[in-house]
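*Asks:* Questions regarding the structure given below will be posed in turn.
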Amino acid sequence: MSTSSISRLLEDTRQAIHEAVAAENGTDRQRSAAHHAQSLANTVLTDPTAGHRDMERAGYYLDEALGIAAIESA
């Protein structure tokens with residue numbers, strides 16, 4: 001995958017996390033956005049062409065998405 005493709009995936013991941021944070025806790029919208037962020041981050045993490053910084057950023061985003069996904073509705 002090209003560097004620009006990886007950058008785009010990371011930006012999309014960041015946007016999905018923002019969407020999940022903005023959604024009401026425990027809603028389908030929040031879970032869906034968090035799951036999407038997880039999928040995007042995993043795509044970067046499994047890409048053999050991703051650089052070290054990209055992998056670190058994807059790992060950070062994955063942790064964030066997993067934390068959001070664990071939030072239960074109040």
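The values are calculated or read from the model by the stated rules, or taken from the named source; none is laboratory data. This structure is a prediction, so every number in the text was calculated from the model and none was measured. Calculation scope for accessible area: heavy atoms of the full protein, side chains included, ligands and nucleic acids excluded. Shrake-Rupley method; radii C 1.70, N 1.55, O 1.52, S 1.80 Å.
*Asks:* How tilted is helix 3-22 with respect to the longest principal axis of the chain? Cα atoms for both, answer in degrees (0 to 90, nearest 10).
*Replies:* 10
*Asks:* A further question on this structure: How long is the gain from Ser32 to Thr49 if the chain were fully straight, where each residue apart is worth 0.36 nm and the alpha carbon distance is subtracted? Before the final figure, lay out each step's value.
*Replies:* Working: separation 17, 0.36 × 17 = 6.12 nm, distance 2.73 nm.
Roughly 3.4 nm would be gained on extension.
*Asks:* Now, a different point. Pairing the Cα long axis of helix 52-69 with the longest principal axis of the chain, what angle in degrees results, from 0 to 90 and rounded to the nearest 10?
*Replies:* Tilt relative to the chain: about 10 degrees.
*Asks:* Report, to one decimal in Å, the Kirkwood hydrodynamic radius for the chain based on all distinct Cα pairs.
*Replies:* Working: mean 1/r = 0.0828 Å⁻¹.
Final number for the Kirkwood radius of the chain is 12.1 Å.
*Asks:* Of all accessible surface on the chain at a 1.4 Å probe, what whole percent is carbon and sulfur?
*Replies:* That fraction is 51 percent.
*Asks:* Give the angle, between 0 and 90 degrees and rounded to the nearest 10, that separates the Cα long axis of helix 28-45 from the longest principal axis of the Cα atoms of the chain.
*Replies:* Helix 28-45 sits at roughly 20 degrees to that axis.
*Asks:* Below 8 Å, C-alpha to C-alpha, sequence gap of six or more: please give me the relative contact order for the chain in percent. Kindly include the intermediate steps, with their values, before the conclusion.
*Replies:* On the way: 92 pairs, mean separation 29.1, N = 74.
Relative contact order, the chain: 39 percent.
*Asks:* If each residue of separation counts as 0.36 nm, what is the full-extension length gain between Tyr60 and Gln15 once their alpha-carbon separation is subtracted?
*Replies:* Working: separation 45, 0.36 × 45 = 16.20 nm, distance 1.38 nm.
Here the answer is 14.8 nm.
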